[in-house]
1. Using the alpha carbon gyration tensor of the chain, what are the three equivalent-ellipsoid semi-axes (square root of 5 times each eigenvalue), largest first, in whole Å?
2. Once you charge only the Cβ atoms, +1 for Lys and Arg and -1 for Asp and Glu, what is the size of the charge dipole of the stretch 66-217 about its Cα centre, to the nearest 20 debye?
3. In the stretch 268-326, what chymotrypsin sites (Phe, Trp or Tyr not before Pro) fall in a loop by DSSP, with at most 15 other Cβ atoms inside 10 Å?
4. Mind pulling the angle between the C-alpha long axis of helix 202-211 and the longest principal axis of the chain? Nearest 10 degrees, somewhere in 0 to 90.
5. For the stretch 105-195, state which GluC sites (Glu not before Pro) are in a DSSP loop and have at most 13 other beta carbons lying within 10 Å of their beta carbon.
6. When the chain is treated as a GNM, springs tying every alpha-carbon pair under 10 Å, which of 334, 63, 159 comes out with the largest mean-square fluctuation?
7. Please work out the C-alpha center-to-center distance from the stretch 102-168 to the stretch 280-330 and express it in whole Å.
8. How big is the antiparallel share of DSSP beta bridges in the chain, given as a percent to the nearest 5?
Amino acid sequence: MDIKKFIDKKPYLISGPCSAESEDQLLNTAKSLKGKIDVFRAGVWKPRTKPNSFEGVGKESLFWLQKVKKETGLKVITEAATAKHVELCLNAGIDMLWIGARTTVNPFYVQEIAEALSGVDIPVFVKNPIHPDISLWIGALERLNNKGITKLSAIHRGFFTYESSAFRNEPKWEIPIELKRNLSDLPIICDPSHISGNKKLIQDISQTAMDLNMDGLMIETHLQPERALSDVHQQITPNDLEILLDNIIYRKQILEDQDLILKLTILRDNIDKIDADIVNELNSRKEFVEEIAELKLKHNVTIFQLERWFQILSSRQKQANEIGLDPKMIADIFELIHKYSILTQSKIMRKL
Ligand code: PEP
Ligand code: MN
């Protein structure tokens, strides 16, 4: 992909309310954020899960964003979900656009947006799709890039999960890391507001994002968060944003200290050895799995035996608990190991 750098500072900061609610709200919020942030955000059209909730003021609020731009000099960004939104935003001189999580999931909409943008190389930020499908995320970026949009960035806003979670959207940090591995020139902005759904977690999530070397943050701010018309629990005041930013610890990316380099090399060496052992042990485990499959084939027994799987899961979690390892981590790892055991066995039983 042809990605041009347009983010010139780190962390790149985008902030403003979830939704544009009134002209005064936008102007006053923007004035309190001026000097602290790089881009002012506000949702003009809001994709809401349920009908009859506040769905944004619509195109009228584009004029308020124009006014913010004129009076504060801040760059402005909003969400575009259709080709019509793109057209209205471009006519209103909106500087940048973001594509929301509910739009990234739909290749038809993304294609339509990309076509509406062709020939106008403004920065576009693509939020991750609601569910953890990295191909869909990359696909959306590619559709835009194919239409000549080169000032691209991704926004990590977490993923829907059926499991109980402290977060509104599970961060699943491994996914943005994998995105970076695929597209190393692509800046990634973290959106702790939509990940957390709860203002108490925003500081920690922002810190993790910076520790993972992400390029910036998008944080929702509201002058009176408790009176916000959308996302009421996850907005903070511009003043609290300032405190939050002051509390972030920025770590060095380049190691200069020779002593530290040596210590890290030794520790990493140990990890490399352990990882090599894990891979060898997994191979030994696979050999037993194959023997079991041969036996099951001979005696005509089903591959999957529920009680055995429950027993594996609970004994490994118990062991983890006893030695102070996170049992959830062990359960996740064994789910994967088990998935591949079943694949190995079914190959043998189908005589592949
Ligand atoms: C938003 O940023 O206000 C928004 C609707 O985000 P998402 O698409 O991540 O839900
Ligand atoms: Mn929001």
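1. Semi-axes (√(5λ), whole Å): 44, 24, 21.
2. My answer is approximately 420 debye.
3. Answer by residue number: 304.
4. 70
5. Those satisfying the criteria are 163.
6. Evaluated over the chain, the most mobile residue of the options is 334.
7. Their Cα centres are 38 Å away from one another.
8. 5
Every number in this text was worked out from the coordinates using simple rules, so none of it is lab data. Every value quoted in this text rests on a predicted model; they were computed, and no experiment measured them. Cβ atoms come from the backbone with ideal geometry, glycine included; neighbour counts cover every protein chain shown.
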